[in-house]
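Structure first, commentary second.
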Amino acid sequence: MHILLTGGTGLIGRQLCQYWLGQGHRITVWSRRPEQVGKLCGAGVKGIGKLEALTDEPLDAVVNLAGAPIADRPWTGARRALLWNSRINLTEQLMAWLEARSQRPQVLISGSAVGWYGDAGEREITESSPPVKEDFASQLCIAWEETAQRAEALGIRVVLVRTGLVLASEGGMLSRMVLPFKLGLGGPIGSGRQWMPWVHINDQVALIDFLLNHNDARGPYNACAPEPVRNREFAKRLGKVLHRPAFMPLPALVLKAGLGEMSGLLLGGQRARPVRLLAAGFTFRFNDVQSALDDLSRRL
């Protein structure tokens, strides 16, 4: 299978490349830095700077994960524009290119996030739930999905992957939390009662591959483990695997003062469950957060 991947040099993308190379697939990564793709993603992965480089080549699938990190810095006007351009504008370019092709892929898997629902409080969220409270993150995900959904009109099966917090030792949220926890400064954020939908990186890779090969799969899927956890419990369990205390709270007022609207990503949450994935027959290797952290702890 020939797979075109955007966001291939990111945390999930790099793991997907290794996984699919092992299965014998051919992978092309569309990147702003194509010369670095082989080094970051694997020697067998081809990097391209322009989609036109693939105009005459058959393509079986597109996996669209590109997007600047949403929680790296406060949402200034310039940052909002960058987040929007790196998701919606890039996906619009992808749609225009697919429309112009005579040979089109069978499936498009496009990234999204559980932030699509907004801060859902205590409500249990499934794929059939509407957005609860629209904020910038929710609006971003909604527009991202709507843009990708246009590929359906081109005869392409479209799958939307609403990812939770990805737990990995190689990067992402968990790696940023390790240092303060190791220094004894870890603890709950705000009240600690907010729900954290999470997924182990191995399950994230496996579920994307599952949806790629499951011909009946289309529409949105919550990419998060069956057992979401409250922030306070997550902090407690992370402290346990690192053999450190986890009682130093990070006050909500401090977050709001420093991060502005972006603080909502940390102070809010979604009690999301992967109802459609489970119904389709996908089996999570890591169902509870303790087993996930235990697996990752030796590499943190």
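Values in this text are rule-based calculations from the coordinates and carry no lab data. Just so it is clear, the structure is predicted and the values come from calculations on it, not from any experiment. Quick reminder, even Gly has a Cβ in these numbers, built from the backbone with ideal geometry, and neighbours come from all protein chains shown.
Odds and ends about this structure:
- Theoretical FRET efficiency, 1/(1+(r/R0)^6), r = Cβ-Cβ of residue 102 and residue 247, R0 45 Å, to 0.05: 0.15
- Spherically averaged projected area of the stretch 75-146 from its Cα convex hull (nm²): 5.9
- Most fluctuating residue given options 233, 145, 57, as computed from a GNM of the chain linking Cα atoms under 10 Å: 57
- For the stretch 288-300, putting each phi into the Karplus relation 6.51 cos²θ - 1.76 cosθ + 1.60 with θ = phi - 60° gives couplings of 10, 5, 5, 5, 5, 5, 4, 5, 8, 4, 6, 10, 7 Hz, in residue order, rounded to whole numbers and with x for Gly and Pro.
- GNM on the chain, alpha-carbon springs under 10 angstrom: the most fluctuating residue among 254, 159, 289 is 254.
- Isolated cysteines in the chain, defined as those with no second cysteine Cβ under 4.7 Å, comprise 141, 224.
- Kirkwood hydrodynamic radius of the stretch 167-217, from the reciprocal of the average inverse Cα-Cα distance over all distinct pairs: 13.4 Å.
- DSSP beta bridge pairing in the chain, given as percent antiparallel to the nearest 5: 5
- Amide H contacts of residue 159 (H built 1.01 Å from N, under 5 Å, at least 5 apart or other chain): 108, 109, 110, 219
- For the stretch 2-114, Kirkwood radius (reciprocal of mean inverse C-alpha pair distance, Å): 14.6
- Partner aspartates and glutamates for residue 39 [C-alpha distance under 18 Å; skip if fewer than 8 residues away on the same chain]: 170
- In this structure, the residue pairs whose Cα-Cα separation is over 20 Å, taken from 133/236; 236/256; 182/236, are 133/236; 236/256.
- For the stretch 208-277, the Kirkwood radius over C-alpha pairs fed into Stokes-Einstein at 10 °C and 1.306 mPa s yields D = 105 µm² per second.
- FRET efficiency, residue 183 to residue 55 (Cβ-Cβ, R0 41 Å, nearest 0.05): 0.20
- Subtracting the Cα-Cα distance of residue 36 and residue 82 from 0.36 nm times their residue separation leaves 14.4 nm of extension gain.
- For a modelled paramagnetic label at residue 124, 7 Å from Cα along Cα-to-Cβ, the residues of the stretch 244-273 in reach, with backbone nitrogen under 14 Å, are 271-273.
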